[in-house]
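What follows draws every value from the coordinates through simple rules; no lab data is involved. Just so we're clear, the structure is a prediction, and the values are computed from it rather than from any experiment. Here Cβ is always computed from backbone atoms with ideal geometry, including for glycine, and neighbour counts include all displayed protein chains.
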Amino acid sequence: MFKKYPNNVLAAEDFNVKIKQGEFIYVIGPSGAGKSTFIKMMYREERPTSGEVTVNDYELQKMKNSEVPYLRRELGIVFQDFKLLSKLTVFENVAYALQVIEKEPDFIETRVNYVLDLVGLKHKAASFPNELSGGEQQRISIARAIANKPEIVIADEPTGNLDPDTASGIMEILERINSEGTTIVMATHNSQIVDEYTHRVLEIDGGKIVRDQPEGGFFQDE
Ligand code: ADP
Ligand code: ADP
């Protein structure tokens, strides 16, 4: 698969990657390497210029815009900047993800309480995002991402704005979600995290895959 932006930047050159169900994979590399581009292609925010991107049996290079919501229902997406809705409470932020896919109110109530409990923030259900720390906001965004039991969680720099202890707390939650069978794809700059919570490492540099290692560290020779 190749991705060239309209300005002729080749952000993905001859990528050939297969991620198995249940895997935890880091996407690492310097700024501008192509990590976000790779991540965005997984949820059809970007399309490949040539080649194929298949996620949960959807062929994304062929997918119509009108079909994208069906793909996204099967994914949980976590961003560096959380992207919570500031006018909604914590409970409502998570519930909203289920309301838009027309889940029953009783189911929503139960499920939102369950995922808030899972991230340790049930007691903050009535708070607003700006009343929470960065780490708490990220935990809420993870709760929102997993509310619909996605098979895959895609996280673009989820610990990027967090201090090391808080980042570890986020990792513990992602590890737990992964241990229950959810695939995790995580772009990160965080070498400590990659070295401490060891998983497959896909290293990108200049739009090329330079390493794909089953139990890699952040640096190649570790
Ligand atoms: P990373 O996430 O590793 O920092 P990106 O995937 O954001 O890297 O970017 C890879 C390359 O593609 C960079 O050279 C970047 O400037 C370029 N790029 C990213 N998005 C766009 C875009 N929408 N239009 C043009 N070039 C882009
Ligand atoms: P991050 O590194 O936080 O993932 P980026 O800086 O890569 O974010 O990208 C932020 C936005 O700007 C994205 O929508 C991306 O597609 C766009 N973008 C990044 N680089 C370029 C570029 N060189 N030209 C045009 N758009 C770009």
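Counting only DSSP H runs of at least 4 residues, each contributing -39500 (n - 2.57), and dividing by the residue count of the chain, the helix-based mean residue ellipticity at 222 nm comes to -10000 deg cm²/dmol. Dividing the alpha-carbon radius of gyration of region 3-216 by the rule-of-thumb value 2.2 N^0.38 Å gives 1.01. For Glu131 and Asn16, the difference between the fully extended length at 0.36 nm per residue and the C-alpha to C-alpha distance is 37.1 nm.
For the chain, the longest principal axis of the Cα atoms and the long axis of helix 90-99 meet at an angle of about 70 degrees. Remark: relative contact order (region 3-216) = 33 percent; criterion is Cα-Cα distance under 8 angstrom and separation of 6 or more residues. Charging the Cβ of each Asp and Glu at -1 and of each Lys and Arg at +1, and nothing else, the dipole of the chain about its Cα centre rounds to 760 debye.
Here the Karplus relation 6.51 cos²θ - 1.76 cosθ + 1.60, evaluated at θ = phi - 60°, turns the backbone of region 112-123 into coupling constants of 5, 4, 5, 6, 5, 5, 4, 8, x, 10, 4, 6 Hz, with x for every Gly and Pro.
Modelled this way, with points 7 Å down the Cα-to-C-beta line, the labels at Tyr114 and Lys83 are 2.4 nm from one another. Against the chain, whose longest principal axis is taken from its Cα atoms, helix 164-179 shows a tilt of about 90°. Against the longest principal axis of the chain, how steep is helix 134-146, in degrees 0 to 90 to the nearest 10, with axes from Cα atoms? Helix 134-146 sits roughly 80 degrees off the main axis of the chain. Sites listed here are GluC sites (Glu not before Pro) in region 1-91 whose DSSP assignment is loop and whose Cβ has at most 16 other Cβ atoms within 10 Å: Glu13, Glu23, Glu45, Glu52, Glu74. Rank Val115, Phe79, Gly135 by how far each Cα sits towards the positive end of the charge dipole of region 51-148 (+1 on Lys, Arg Cβ; -1 on Asp, Glu Cβ) and give me just the farthest. Towards the positive end, the residue furthest out is Gly135. Dipole of the chain (Lys/Arg Cβ +1, Asp/Glu Cβ -1, origin at the Cα centre): which of Ala155, Val27, Thr54 lies farthest to the positive side? Checking the options against the dipole of the chain, the answer is Thr54.
Here are some pairs, Lys3/Lys64; Lys62/Lys208; Lys3/Lys149; Lys20/Lys124; Lys83/Lys122; which of them have Cα atoms lying more than 28 Å apart in this structure?
Violating the 28 Å limit, Cα to Cα: Lys3/Lys149; Lys20/Lys124.
With contacts taken as Cα pairs under 8 Å at a separation of at least 6 residues, region 117-181 carries a relative contact order of 37 percent.
Where in the chain lies the longest segment free of trypsin sites (Lys or Arg not before Pro) that are both loop residues by DSSP (not H, G, I, E, B) and have at most 11 other Cβ atoms within 10 Å?
88-222
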